[in-house]
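Undergrad: The structure follows.
The values are calculated or read from the model by the stated rules, or taken from the named source; none is laboratory data. This is a predicted model, so every value here is computed, not measured. Don't worry about glycine lacking a Cβ; one is built from the backbone with ideal geometry, like all the others, and counts go over all protein chains shown.
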Amino acid sequence: MNNIVARITEEGLLIEKDYGIRKNFAYHSGANLITYPAFEDLNKPKAMFALADELGHHYQRQHYSKNLLDSLSGLARMNHLFHLFFFPYLLWEEIDAWKRAWKICRESKVSLKGFIQEASRGLSSYVKSFICQIFNIVLTMYILAVLIVNDIDFINKSIISVIPIIFFMMLIPLIMTFFIRINTHRRI
């Protein structure tokens, strides 16, 4: 058992394998549980850093109001455009957890070689996701505006025939975002 796993169990948290498709590390505050990808070697530095980050989220809940953090985190992570307003909170939460992870690794005598790269990769995945979502919204609005301005007479004459075209045009940025996310979806 490595030092980070030992520290997690000393804190009274459960640690379990996750056989799901997301393949990420996660802290579940309501269950006092940290999950990790089922086939991840926990003795590798990358896994230890990710576990320390999740333990950092646990320490956040001890330092700040657990209910407030859980509520804000839920709003920031939901699949709705409204969650984009909570991105600054989400970024703060992740930066704070990685700062705590640095201290946890140092105190647990885990080598910090490669830590900055892993923390940067984890943080950049959130920023990339946010940028893709904003890009998707702006591109969709632009395409719809161009369609409406250029084809206003056509739309007035035959709105029924235009709906599939508008729907298809709205799917283009969504499809682009999906392909961009395939490479950037790993969130640690």
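Undergrad: Determine which single condition L72 fails, assuming it passes every other condition in (1) touching a Pro at 6+ places or on another chain (Cβ under 9 Å); (2) under 23 Å from K128 (Cβ atoms).
TA: Just one mismatch for L72, condition (1).
Residue-wise test of (1) free of Cβ contacts under 8 Å to residues at least 24 places away in the same chain; (2) of a type in the set (V, I, T); (3) not in a loop (DSSP other than H, G, I, E, B).
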{"position": "N24", "(1), (2), (3)": "no, no, no"}
{"position": "A50", "(1), (2), (3)": "no, no, yes"}
{"position": "D53", "(1), (2), (3)": "no, no, yes"}
{"position": "S71", "(1), (2), (3)": "yes, no, yes"}
{"position": "F86", "(1), (2), (3)": "yes, no, yes"}
{"position": "E93", "(1), (2), (3)": "no, no, yes"}
{"position": "K99", "(1), (2), (3)": "no, no, yes"}
{"position": "I116", "(1), (2), (3)": "yes, yes, yes"}
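Undergrad: Moving on to the next point. Kindly indicate whether any position in region 54-73 is among the small types (G, A, S) and modelled with pLDDT of 85 or more.
TA: Checked against the condition, which is being among the small types (G, A, S) and modelled with pLDDT of 85 or more, region 54-73 yields at least one hit.
Undergrad: Go through region 60-82 residue by residue and tally those that are surrounded by fewer than 17 Cβ atoms within 10 Å (Cβ to Cβ) and either of a type in the set (G, A, S) or more than 18 Å from N24 (Cβ to Cβ) (or both).
TA: Residues in region 60-82 being surrounded by fewer than 17 Cβ atoms within 10 Å (Cβ to Cβ) and either of a type in the set (G, A, S) or more than 18 Å from N24 (Cβ to Cβ) (or both): 14 in total.
Undergrad: Take the residues in region 7-40 that are among the aromatic types (F, W, Y) and surrounded by 12 or more Cβ atoms within 10 Å (Cβ to Cβ), then tell me which one is farthest from the chain's Cα centre (by Cα).
TA: Y36
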